[in-house]
Amino acid sequence: MTLPGLPAGGTDPCVHCGFCLPTCASFRVLGTEMDSPRGRIHALKAIEAGELTLDATVASHFDSCLGCFACVSACPSGVRYDQLIEATRPQLNAPELRSPAQRAFRRLLFALLPYPARLRAVLAPLRGYSGSALQHLVRSSGLSRMLGPQLQALEQLLPPLAPEAFRDGYPLVVPAQGERRARVGLVLGCVQRLFDPAVNAAAVRVLSANGIEVVIPPAQGCCGAVTHHQGELAQTEALAGALIDSFEAVVGPGKAAGAEPLDAVLVAASGCGHTLKHYDRILAERPEWANRGSAFASQVRDIQEFLAGLGLSEAFAASLEPLRHADGSAASAERPLPVAYHDACHMLHGQGISAEPRALLRRIPHLQLREASEAGVCCGSAGIYNLVQPEEAAALGRLKADDLAGSGAAIAVSANIGCTLQIRRHLGESADPQQRAMAVAHPIELLDRSSRLCRP
């Protein structure tokens with residue numbers, strides 16, 4: 001049996017050395033060989049040789065993979081496990097490989113999460129519930145367990161919904177402050193703009209304050225990351241094409257945002273960034289989209305990657321002031337503000353970005369950057385993994401919360417909305433008062449708070 005799309009000889013470099021095992025999040029919580037990269041590669045070889053059938057049991061071991069790609073970074077033989085699992089995912093969507101309930105829940109997620117208008121309509125009745133005493137009671141009393149493990153996980157991730165979550169409210173073009181240094185587009189994301197709209201707002205302010213003009217297409221939707229990570233190829237292609245359309249509709253000769261091309265297309269969510277940078281591959285089989293997908297992908301940068309490369313403007317750098325402790329006092333040389341940076345998997349292992357966010361954070365006066373002992377281990381979010389594999393994800397979330405809190409930091413920072421929601425949930429559920437008091441933020445939010453230029 002040959003799995004369609006599997007890279008020829010892709011499994012051959014694996015020498016079964018086991019270097020991937022300590023890095024593998026699923027192996028860490030499940031402890032079984034078949035739930036490790038080495039075990040899954042062995043299974044792929046057996047399937048290819050006709051010695052193993054891809055049935056529901058075998059498929060479950062592939063479903064246990066978070067797609068964090070830590071094994072790719074760790075492999076001394078250069079095995080591209082990321083390409084192997086990406087090629088395998090579409091095959092796992094065969095109806096006989098998952099239960100009817102599993103398929104129905106996935107269909108619900110893929111019908112809602114990539115479509116901001118639909119998601120807003122569903123969330124609107126929950127505005128009074130989210131962040132309320134009733135929500136606290138439902139969670140603390142255990143009533144949420146009545147929803148079942150998957151819907152319970154969805155409820156536990158629901159943050160307080162800000163009014164900004166239900167409108168974007170950005171002008172098409174946000175001008176640069178002072179002399180313009182660059183012109184960029186901004187991808188708002190789907191989950192991020194609803195569940196943590198403050199991140200995009202901070203991104204716009206920081207970019208503008210650094211002399212960067214920002215174009216924000218109003219019709220933009222999801223980048224396709226949610227479906228891409230789960231092998232939903234047709235839906236991912238459609239979402240990718242629609243996003244490219246939304247930018248092309250406003251930038252160019254005679255277009256509303258002006259004819260001048262963009263220097264880059266930025267995104268503040270690493271899961272989205274990883275998918276956007278692969279539009280060349282995602283759209284390669286669509287002749288009408290292939291060239292446009294490659295051109296768009298070549299422009300994509302993570303916002304921190306772009307800012308670190310361009311450099312902060314002199315005015316912005318001079319405007320940075322110490323952040324405040326929880327007690328309201330300003331950080332100082334004698335009492336710096338300790339911050340722990342969490343490496344989102346699709347940032348670190350997917351895009352190879354690690355130094356840039358840390359370098360930007362170090363520009364904030366009296367911010368003390370602390371490293372967690374396992375900074376590169378997945379938090380358990382992994383797209384929709386914390387919804388479809390809630391028990392395994394919760395175990396990883398608790399480990400991550402313990403690790404970040406163990407750094408002694410007052411704030412945990414992460415550059416991905418999935419990680420932020422996951423970490424915030426498990427810190428908040430902890431019995432340890434220190435963990436519950438720990439704040440969670442995007443690095444760009446800390447730059448925003450620090451700069452005088454970003455204040456009204």
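Read-outs: derived from the displayed coordinates by stated rules, not from any lab. Fair warning: this is a prediction, and the values are worked out from it, not measured in the lab. Virtual Cβ from ideal backbone geometry, glycine too; neighbours counted across all protein chains shown.
Here are a few things to note about the model shown:
- Near the amide H of Arg181, within less than 5 Å, lie the amide hydrogens of Ile212, Glu213, all on another chain or at least 5 residues away, with H placed in the peptide plane.
- Ranked by the mean number of other Cβ atoms within 10 Å of their residues, highest first, the peptides 65-73, 101-109 come out as 65-73, 101-109.
- Ordered by the number of other Cβ atoms lying within 10 Å of each residue's own Cβ, fewest first, His325, His442, His229 fall into the sequence His325, His229, His442.
- Amide H within-cut-off set for Glu321, under 5 Å, with H built and near neighbours excluded: Ser451, Arg452
- Rg/Rg_ref, the stretch 21-97, where Rg_ref = 2.2 N^0.38 Å and atoms are Cα: 1.04
- Distance from the stretch 398-456 to the stretch 156-180 (C-alpha centre basis), Å: 20
- Under the convention that each Lys and Arg Cβ holds +1 and each Asp and Glu Cβ holds -1, the size of the dipole of the stretch 81-157 around its Cα centre is about 260 debye.
- Based on C-alpha pairs under 8 angstrom that are at least 6 apart in sequence, the chain has a relative contact order of 15 percent.
- Student exercise, the chain dipole from Lys, Arg, Asp, Glu Cβ charges, in Debye to nearest 20: 940
- Footprinting exposure proxy for Met438, Met347, Met34, Met146 (fewest neighbouring C-beta atoms within 10 Å first): Met146, Met34, Met438, Met347
- Estimated vicinal HN-Hα couplings, Hz - the stretch 374-386 in sequence order (Karplus 6.51, -1.76, 1.60; Gly, Pro = x): 10, 4, x, 8, 4, 7, x, 6, 6, x, 9, 4, 5
- Entry note, the chain: the mean residue ellipticity at 222 nm calculated from DSSP H runs of n ≥ 4, each adding -39500 (n - 2.57), is -12500 deg cm²/dmol after division by the residues and rounding to the nearest 500.
- Check: the stretch 165-309 dipole with +1 on Lys, Arg Cβ and -1 on Asp, Glu Cβ, in debye: 260
- Taken over the Cα atoms of the chain, the convex hull encloses 148 Å³ per residue.
- Packing-based order for 13-26, 415-428, 308-321, using average beta carbon neighbours within 10 Å, highest first: 415-428, 13-26, 308-321
- Mean projected area of the Cα convex hull of the stretch 47-131, taken over all directions, amounts to 8.7 nm².
- Per-residue ³J(HN,Hα) for the stretch 229-243, Karplus 6.51 cos²θ - 1.76 cosθ + 1.60, θ = phi - 60°, Hz, x for Gly and Pro: 5, 10, x, 8, 5, 4, 5, 4, 4, 5, 5, 4, x, 5, 5
- Here Val173, Val388, Val267 are placed in order of increasing Cβ neighbour count within 10 Å, fewest first, which gives Val173, Val388, Val267.
- All C-alpha pair distances within the stretch 320-454, sorted into 5 Å bins from zero, spread as 2, 11, 21, 23, 20, 13, 7, 3, 1, 0 percent across the bins.
- The stretch 21-97, relative contact order in percent, only Cα pairs under 8 angstrom and at least six apart counted: 31
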